[in-house]
1. Are there any strands (runs of 3 or more DSSP E) wholly within the range 3-118 with 3 or more residues that are open to solvent by 50 Å² or more (accessible area, probe 1.4 Å), and if so which?
Amino acid sequence: MGELKKVGLALVGAMIIGFIMVGMSKQQSNEEKESAAQIRTLVAMQEMANQKCPKLILDRTGTQVYFPSKTDTDKTTYVTMEWVGESDSNFKTASCTLKLSIGGVSKLVIDDKVLIDK
């Protein structure tokens, strides 16, 4: 067998081993799949809350809010965001809870006044 054939076979063998290693490393366990799903759920809830809650607070108070001062979540079913008003705001505190089960805002409290409660 010539040197060229030996080098060619070695390259083919290395490629096959590489494909096998990549294929085996891409398999996810059930725990990894569940963890990835939980992260996707949390991100979706956060995005939905970041879209809906500031708009509701703006509609009810006339003050635009951007970044919540506090966020609470169980990472699977709800996210609650709280804002503290500044000196030029039309509110002192605002709290907005989004529940995934209803697909929207389930509770909105501004200055201890419950405006939405589902």
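1. Where strands (runs of 3 or more DSSP E) fall fully within the range 3-118 and carry at least 3 residues being open to solvent by 50 Å² or more (accessible area, probe 1.4 Å), they are 70-73, 78-84, 113-117.
Results for (1) more than 14 Å from the chain's Cα centre (by Cα); (2) within 18 Å of ASP117 (Cβ to Cβ); (3) at pLDDT 90 or above, shown as yes or no for each residue.
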site: SER29; (1), (2), (3): yes, no, no
site: ALA37; (1), (2), (3): no, no, no
site: MET45; (1), (2), (3): no, no, yes
site: LEU58; (1), (2), (3): yes, no, yes
site: LYS70; (1), (2), (3): yes, no, yes
site: THR76; (1), (2), (3): no, no, no
site: SER87; (1), (2), (3): yes, no, no
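The values are calculated or read from the model by the stated rules, or taken from the named source; none is laboratory data. Since we're looking at a predicted model, the values are computed, not measured. Don't worry about glycine lacking a Cβ; one is built from the backbone with ideal geometry, like all the others, and counts go over all protein chains shown. Accessible surface is based on the protein model in full, side chains and every heavy atom, while ligands, DNA and RNA are left aside. Shrake-Rupley method; radii C 1.70, N 1.55, O 1.52, S 1.80 Å.
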